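Participant: Following this message is one structure expressed as structure tokens.
The values are calculated or read from the model by the stated rules, or taken from the named source; none is laboratory data. This one's a predicted model, so the numbers in the text were calculated from it and none came from an experiment. Note that each Cβ is placed from the backbone with ideal geometry, even for glycine, and that neighbours are counted across all protein chains shown.
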Amino acid sequence: MASGAGSNFEGLVAACRSQQLAAEVALLVVNNPGCGAEQRAARLGVPCQRIDHRDHASRQSLDRALIEAFRQAQVDLVVMAGWMRIVTPVLVDAYPDRLINIHPSLLPSFRGLDAVGQALAAGVQLTGCTAHLVRPEVDAGPVLVQAAVPVHAGDDHDSLTARIQRQEHRILPLAVALAAARLAA
């Protein structure tokens, strides 16, 4: 699931194709027409479905449409890689412990929107990213993997985001592997 540029999506595809991750990206779902993730899916030959949140009267309705798309594609694990929508218990309950999110902070610090901006405003010297299992409460699920990123004196939103994203690309495939191993156990 992606809403933006899709760099984490492409990283997962690359990890699967290089056999770093014993998985296959069966489907990308995007909610923003023409977003970078949708363009990456076309270039990479990955099936992509647009499910626009603006076409749904409620978050629950959107989540039911997502579940249907995932079931049709026979999806086992769902990864929210830059999905900028809050999901409901409808989706969380349909994929218990099989719904993973990547978030640009060391949770539980800086939950929710603009975690990078929150970290800069707080003046912290260390931030990072967290891959976690999704629960109904935003950014509150069990942590799978975290990576620390130092905040440099001259950092702005873009420079810090770029360094955090490099770590996201590194830890997200590991988090998917760990979540899959937990399910198999």
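Participant: Counting just the residues of segment 8-19 that are touching a helix residue (DSSP H, G or I) at 6+ places or on another chain (Cβ under 6 Å) and not hydrophobic (A, V, I, L, M, F, W, C), which one comes out farthest from Gln167 (Cα to Cα)?
Facilitator: Here the answer is Glu10.
Participant: From Ala81, Ala119, Ala148, Ala65, which residue is out of contact with any strand residue (DSSP E or B) (no Cβ under 6 Å at 6 or more places or on another chain) and of a type in the set (Gly, Ala, Ser)?
Facilitator: Values: Ala81 fails: out of contact with any strand residue (DSSP E or B) (no Cβ under 6 Å at 6 or more places or on another chain); Ala119 fails: out of contact with any strand residue (DSSP E or B) (no Cβ under 6 Å at 6 or more places or on another chain); Ala148 fails: out of contact with any strand residue (DSSP E or B) (no Cβ under 6 Å at 6 or more places or on another chain).
The unique qualifying residue is Ala65.
Participant: Go through the residues of segment 45-57 one by one and say whether even a single one is farther than 20 Å from Val90 by Cα, in the same structural domain as Ile86 (by TED's automatic domain parsing) and either touching a Gly at 6+ places or on another chain (Cβ under 7 Å) or surrounded by 15 or more Cβ atoms within 10 Å (Cβ to Cβ) (or both). Show your work before the answer.
Facilitator: Filtering segment 45-57 for residues farther than 20 Å from Val90 by Cα gives 45-48.
Of the ones still in play, those that are also in the same structural domain as Ile86 (by TED's automatic domain parsing) are 45-48.
After this cut, where a residue has to be either touching a Gly at 6+ places or on another chain (Cβ under 7 Å) or surrounded by 15 or more Cβ atoms within 10 Å (Cβ to Cβ) (or both) as well, the list is 46, 48.
The answer is yes, given that some residue of segment 45-57 is farther than 20 Å from Val90 by Cα, in the same structural domain as Ile86 (by TED's automatic domain parsing) and either touching a Gly at 6+ places or on another chain (Cβ under 7 Å) or surrounded by 15 or more Cβ atoms within 10 Å (Cβ to Cβ) (or both).
Participant: Right, here's the next one. Could you list, in sequence order, all residues of segment 141-158 that are buried (at least 18 other Cβ atoms within 10 Å of the Cβ) and either among the aromatic types (Phe, Trp, Tyr) or under 14 Å from the mean Cα position of the chain (by Cα) (or both)?
Facilitator: Across segment 141-158, the qualifying residues are Gly141, Leu144, Val145.
Participant: Among the numbered conditions (1) modelled with pLDDT under 95; (2) small (Gly, Ala, Ser); (3) more than 27 Å from Gln167 (Cα to Cα), tell me where Ser61 comes up short.
Facilitator: The number of the failed condition is (1).
Participant: Another question, if that's okay. Would you mind stating whether Ala23 is among the hydrophobic types (A, V, I, L, M, F, W, C) and assigned to a loop (DSSP other than H, G, I, E, B)?
Facilitator: Working: among the hydrophobic types (A, V, I, L, M, F, W, C): yes; assigned to a loop (DSSP other than H, G, I, E, B): yes.
In short, yes.
Participant: Kindly check whether there is at least one residue in segment 76-90 that is assigned by TED's automatic domain parsing to the domain that holds Gln49, among the polar types (S, T, N, Q), more than 30 Å from Asp158 (Cβ to Cβ) and buried (at least 16 other Cβ atoms within 10 Å of the Cβ). Steps first, please.
Facilitator: As a first pass, look at segment 76-90 and keep what is assigned by TED's automatic domain parsing to the domain that holds Gln49: 76-90.
Applying the additional criterion that residues be among the polar types (S, T, N, Q) yields 88.
Subsequent filtering for residues that are more than 30 Å from Asp158 (Cβ to Cβ) retains 88.
Subsequent filtering for residues that are buried (at least 16 other Cβ atoms within 10 Å of the Cβ) retains 88.
Yes, segment 76-90 contains a residue that is assigned by TED's automatic domain parsing to the domain that holds Gln49, among the polar types (S, T, N, Q), more than 30 Å from Asp158 (Cβ to Cβ) and buried (at least 16 other Cβ atoms within 10 Å of the Cβ).
Participant: Does Leu91 qualify as being aliphatic (A, V, I, L, M), outside any strand (DSSP E or B) and over 20 Å from Val30 (Cβ atoms)?
Facilitator: Details: aliphatic (A, V, I, L, M): yes; outside any strand (DSSP E or B): yes; over 20 Å from Val30 (Cβ atoms): no.
Here the answer is no, as Leu91 does not meet what is asked.
Participant: A further question on this structure: Report the residue count in segment 133-170 for those that are in contact (Cβ under 8 Å) with a residue 40 or more places away in the chain and under 17 Å from Pro108 (Cα atoms). Can you show your working first?
Facilitator: In the first step, residues of segment 133-170 are kept if they are in contact (Cβ under 8 Å) with a residue 40 or more places away in the chain; the result is 133-136, 138, 141, 144, 146, 148, 157, 160-161, 164-165, 168-169.
Filter once more, so that each one left must be under 17 Å from Pro108 (Cα atoms): 133-136, 138, 141, 144, 146, 148, 164, 168.
Residues in segment 133-170 being in contact (Cβ under 8 Å) with a residue 40 or more places away in the chain and under 17 Å from Pro108 (Cα atoms): 11 in total.
Participant: Same structure again: In this structure, is Val75 closer than 19 Å to Leu133 by Cα, touching an Asp or Glu at 6+ places or on another chain (Cβ under 6 Å) and in contact (Cβ under 8 Å) with a residue 12 or more places away in the chain? Please lay out each step first, then the result.
Facilitator: Working: closer than 19 Å to Leu133 by Cα: yes; touching an Asp or Glu at 6+ places or on another chain (Cβ under 6 Å): no; in contact (Cβ under 8 Å) with a residue 12 or more places away in the chain: yes.
Against the criterion (closer than 19 Å to Leu133 by Cα, touching an Asp or Glu at 6+ places or on another chain (Cβ under 6 Å) and in contact (Cβ under 8 Å) with a residue 12 or more places away in the chain), Val75 does not qualify.
Participant: I'm told Ala23 meets every condition in (1) modelled with pLDDT of 95 or more; (2) surrounded by 12 or more Cβ atoms within 10 Å (Cβ to Cβ) except one. Can you identify the failing condition by its number?
Facilitator: Ala23 satisfies all of (1) modelled with pLDDT of 95 or more; (2) surrounded by 12 or more Cβ atoms within 10 Å (Cβ to Cβ) except (1).
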